[in-house]
1. Looking only at strands (runs of 3 or more DSSP E) that lie completely in segment 10-106, which have at least 1 residues being among the hydroxyl-bearing types (Ser, Thr, Tyr)?
2. Among the numbered conditions (1) within 16 Å of the ligand (Cβ to nearest atom); (2) buried (at least 21 other Cβ atoms within 10 Å of the Cβ), tell me where Ile364 comes up short.
3. Out of all the residues in segment 406-439, which are touching a Ser or Thr at 6+ places or on another chain (Cβ under 6 Å) and among the polar types (S, T, N, Q)?
4. Any chance segment 322-342 includes a residue that's modelled with pLDDT under 90, within 16 Å of the ligand (Cβ to nearest atom) and of a type in the set (S, T, N, Q)?
5. Checking the condition more than 16 Å from the ligand (Cβ to nearest atom) and within 29 Å of Glu315 (Cα to Cα), which residue from Thr442, Thr458, Thr453, Thr436 passes?
6. Report, by residue number, each residue of segment 109-121 that is closer than 19 Å to His294 by Cα and of a type outside the set (Ser, Thr, Tyr).
7. Run down Ala256, Ala295 and say which single residue is over 21 Å from the mean Cα position of the chain (by Cα) and either touching a residue at least 40 places away in the same chain (Cβ under 8 Å) or within 14 Å of the ligand (Cβ to nearest atom) (or both).
8. Considering (1) at positive phi; (2) within 13 Å of the ligand (Cβ to nearest atom); (3) of a type outside the set (D, E, K, R), say which one Thr246 fails and leave the rest.
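The values are calculated or read from the model by the stated rules, or taken from the named source; none is laboratory data. Because the structure is predicted, anything quoted here is derived from the model rather than measured. Every residue, glycine among them, receives a Cβ derived from its backbone with ideal geometry; neighbour counts consider all protein chains shown.
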Amino acid sequence: MAPVDGSGLIAYRLELIGRDGLLQNREIAAPNHFATDRAGQRIYAPSGWLQVHSDKKPELNCSKVFCADLEHAFDLVMTALAAERWPAGEPFFNRLELRVEGSFYDTPLPLAHECMSTVEAMHEDLHFSALELFQEIRGLSYTDRTLRPGQLVPTIVSNDGPMRVSITAERDPDIDADKSVSASPLIDLADAGHWLEPGQIKAHLQDIGGEPFDVRSRRGRPVWSTHIDRPGPNMVITSGQHANETSGPVGALRAAKHLTESGRNGFTVSPLVNPDSYALFRELSGQYPHHMNHAARFTATGCDLLYVERGFENEAHHIAKEKTGARLHLNLHGYPAHEWTRPFSGYISRGAELWSIPREFMLIRRFAPGWKVQGESILDAIIDELKGFDPIVDFNNEQRERSRLYSGSFPFNHRGGIPYIIEEVDDDLFPITIITEAPDETVYDDAFRLFHTVQMKTVLAAADASATMLS
Ligand SMILES: [Zn+2]
């Protein structure tokens, strides 16, 4: 790429060597410009570009930035949100649809799960920029996670018409259907190549047995849970905290079934702790099944489940702790399977830079003061198990090389081909938490099966380790 001074049109310079050995040079324009985004941050962002070369009318000649349709639509939505008088109390709305219609493209690339998608880019940037705008309105920092604006749902519609935007507050469309969901027939979970319907989750949880304890989400959907009570240390298994991370619920149910059948440790399992956003995820995936759909990440109040007040979704965690006295929490998560961009806000996702490029299957070990040694032993036992599981070691090796090519190395700890992060925290509900991070947003078939299998193996290894180390 040419040196950047912010004023001219830059280009990728390619040297192509053909099969005949001949070298060809090509330039591909890459219009970008410096700007100040809504957060007051200096950004270098993709833009439209107007270039005119005319010998007959040289007065028209120019090469300059211009505001293209996409950028204009984004600005219109954000300007309208900023101008609105929002209520003093939270949430500001039940569900706020940010609808943008127009000419978008969505082009898969022949590399892993990558794609070029202005649909997805618009969805991601609108969702997070709107959230940041509400944080700003409330005088909160972008890292503050306590804001509860309501559910922010960008709806991107690709058609051949002119660009249109509209903003509508509306009620959740399918809540009544979900409140009374009935159990579906059991399936072979080991072979599941697709995220589960709620009825399948309910059926498999019933199949595990135990003592059920259900709580209700903010919108009144059930958060199904069960307790298999056994002597010795019981542990807590949860998944679906971020509803667009879909390999966790399958892995949790598979692990729970194995634990039950093998007579090992007692446990509670809550495979779908954020059902409101899972409903939104299913709605969004119906249109864009391979997108990250991060609008379905937080709860219906628009904040992370960990910051929801007691009495709603995260009541499942509190009841599980009371029932088990557990010192170990297995919390199964995922992250994007392809590059996560926000082109109108500096390109890389602000505050989530680490997760913007898909990397390896990873583990995060959190421990409270005084629980370092036990936490370390459990993490070691999990890694000892996973390093013998060739498919995930091979996947990780390939991902490590690929991500290093595009974004350099990150300072993870590594052992046996499994990267891990260690965090000491003093406000977790459980003294030791193991969080999994599978790049599963949103993959299917073999990739999906690999991730729910490694999620299951992580839980089973942790269960075996906790039986001896937490007794
Ligand atoms: Zn997550």
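1. In segment 10-106, the matching strands (runs of 3 or more DSSP E) lie at 11-17, 32-36, 42-46, 62-66.
2. Tallying (1) within 16 Å of the ligand (Cβ to nearest atom); (2) buried (at least 21 other Cβ atoms within 10 Å of the Cβ), Ile364 fails exactly one: (2).
3. If the condition is that a residue be touching a Ser or Thr at 6+ places or on another chain (Cβ under 6 Å) and among the polar types (S, T, N, Q), then Thr436 is the only one that fits.
4. No: segment 322-342 contains no residue that is modelled with pLDDT under 90, within 16 Å of the ligand (Cβ to nearest atom) and of a type in the set (S, T, N, Q).
5. Thr453
6. His113, Glu114, Cys115, Met116, Val119, Glu120, Ala121
7. Being over 21 Å from the mean Cα position of the chain (by Cα) and either touching a residue at least 40 places away in the same chain (Cβ under 8 Å) or within 14 Å of the ligand (Cβ to nearest atom) (or both) holds for just one of Ala256, Ala295, which is Ala256.
8. Checking Thr246 against (1) at positive phi; (2) within 13 Å of the ligand (Cβ to nearest atom); (3) of a type outside the set (D, E, K, R), the one that fails is (1).
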